[in-house]
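Single-structure report; data block below.
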Amino acid sequence: MRVPAYHSSNQSDPDIHHNHSDCPTGQQIPAHNKLDGTGGYPRCKQCVSKG
Ligand SMILES: [Zn+2]
């Protein structure tokens, strides 16, 4: 489902943000690395295709 934008604080993760809780890439971000907002990054392609 659609959620507010979030991204990873981990430098080794791709420079993208997510807005779906069921995004496979977004789900790989551990809770302690999850930050609110876009981080100024473009939206993840998988999230874009989910709408
Ligand atoms: Zn995503």
- Item | Among residues of segment 24-51, those that are open to solvent by 90 Å² or more (accessible area, probe 1.4 Å) and modelled with pLDDT under 95, counted | 0
- Could you tell me whether residue 38 is of a type in the set (S, T, N, Q) and within 10 Å of the ligand (Cβ to nearest atom)? no
- Item | Matching residues, segment 41-51, being more than 8 Å from the ligand (Cβ to nearest atom) and assigned to a loop (DSSP other than H, G, I, E, B) | 41, 42, 51
- Query: Out of the residues in segment 1-16 that are surrounded by 11 or more Cβ atoms within 10 Å (Cβ to Cβ) and part of a loop (DSSP other than H, G, I, E, B), which is nearest to the ligand (Cβ to nearest atom)?
  - Reply: 16
- Message: Residue pairs, Cβ under 7 Å, 6 or more apart or interchain, first in segment 17-38 and in a loop (DSSP other than H, G, I, E, B), second more than 9 Å from the ligand (Cβ to nearest atom) and of a type in the set (A, V, I, L, M). List them.
- Response: 21/1; 21/3; 22/1; 37/5; 38/5
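The values are calculated or read from the model by the stated rules, or taken from the named source; none is laboratory data. For clarity, every value in this text was computed on a predicted model and none was experimentally measured. FYI the Cβ positions are ideal-geometry reconstructions off the backbone, even for glycines, and counts take in every protein chain you see. Protein only, heavy atoms only, side chains kept; ligands, DNA and RNA dropped before computing areas. Shrake-Rupley method; radii C 1.70, N 1.55, O 1.52, S 1.80 Å.
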